[in-house]
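So the structure is just underneath, and the comments pick up after that.
The values are calculated or read from the model by the stated rules, or taken from the named source; none is laboratory data. Being a predicted model, the structure only gives us computed values, none of them experimental. Cβ placement follows ideal geometry from the backbone for every residue including glycine, while neighbour counts extend to all protein chains displayed. Each accessible area value is taken on the protein alone, full model and side chains, heavy atoms only, with ligands, DNA and RNA left out. Shrake-Rupley method; radii C 1.70, N 1.55, O 1.52, S 1.80 Å.
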Amino acid sequence: MALTATIYNFDIELADSDRQVYETLALRVARHPSESEEYLVARLLAYLLEFAGGIEFSRGVSSPDEPAIAVRDLTGRLRTWIDIGTPDADRLHRAAKSSDRVAVYIHKDPVQYLKQLAGRKIHNADALELYAIERPLVDALVTRLERRIAFSVTISDRELYLSIGADNLTGRVVRLPFPG
């Protein structure tokens, strides 16, 4: 018997002062059985950090040729390809050729990942945006993860401030240089 996705409902008050984005979001996010809770949390945080008109989650693992998160214009053209974790160089190369902008949010140790990318051929590699989400923030959010959860997040200078009930969590998202 095949396992089915688990649906999470997130009610989020987003205040991103870096980009002047202030929204109330009600998100239904499917977590594939092979997807870790850490990956789900990183995917959610990346969505909030990149929130813009036309943003959408992909169909996930069932669509390996799509980004984890996409931003499309009104014509359906892919404007921003957003990946989570440690996509390989070939995937990044294809992504850079198919969209105007590529961003990767890493929720694990970025040092080893950057070593893997060093010297690899990636289209427009200098424009690739690599971000590391501080691991303690991901871990703290995972411990509070429920199927229905409400929280507020404020983003200022790539620092995230989350309020979940009586708990306050903070963590940074740091831009990493592409290994040359």
Subject >> For q = 0.25, 0.29 Å⁻¹, Debye-computed log10 I/I(0) when each Cα of the range 44-89 counts as one equal scatterer >> reply: -0.95, -1.17
**OP:** Over the chain, average the accessible area per residue using a 1.4 Å probe and give it in Å², no decimals.
**Re:** 52 Å²
Original post:
When N is the residue count of the range 1-130, what does its C-alpha Rg come to as a fraction of 2.2 N^0.38 Å?
Top reply: 1.08
Subject >> Neighbour net charge for GLU56 - beta-carbon separation under 15 angstrom, K R +1, D E -1 >> reply: +1
Subject >> Intensity falloff of the range 67-168 expressed as log10 I(q)/I(0), Debye formula with alpha-carbon point scatterers, at q = 0.10, 0.12 Å⁻¹ >> reply: -0.36, -0.51
Original post:
When the accessible area of the range 39-137 is split by element with a 1.4 Å probe, what percent falls to carbon and sulfur?
Top reply: 50 percent
**OP:** Could you let me know the centre-to-centre spacing of the range 163-180 and the range 7-27, using Cα atoms, in angstrom?
**Re:** 16 Å
Original post:
Under a no-solvent Debye model with one identical scatterer per Cα of the range 104-152, what's log10 I(q)/I(0) at q = 0.25, 0.30 Å⁻¹?
Top reply: -0.99, -1.20
Original post:
So what's the net charge close to HIS93: Lys and Arg +1, Asp and Glu -1, counting the other residues with Cβ under 10 Å from its Cβ?
Top reply: +3
**OP:** Taking the chain as the reference, fit the longest principal axis to its C-alpha atoms, fit the long axis of helix 89-98 to the helix C-alpha atoms, and give the angle between the two in degrees, 0 to 90, nearest 10.
**Re:** 90 degrees
Original post:
If you line up the long axis of helix 37-50 against the longest principal axis of the chain, both from Cα atoms, how many degrees apart are they, to the nearest 10?
Top reply: 80 degrees
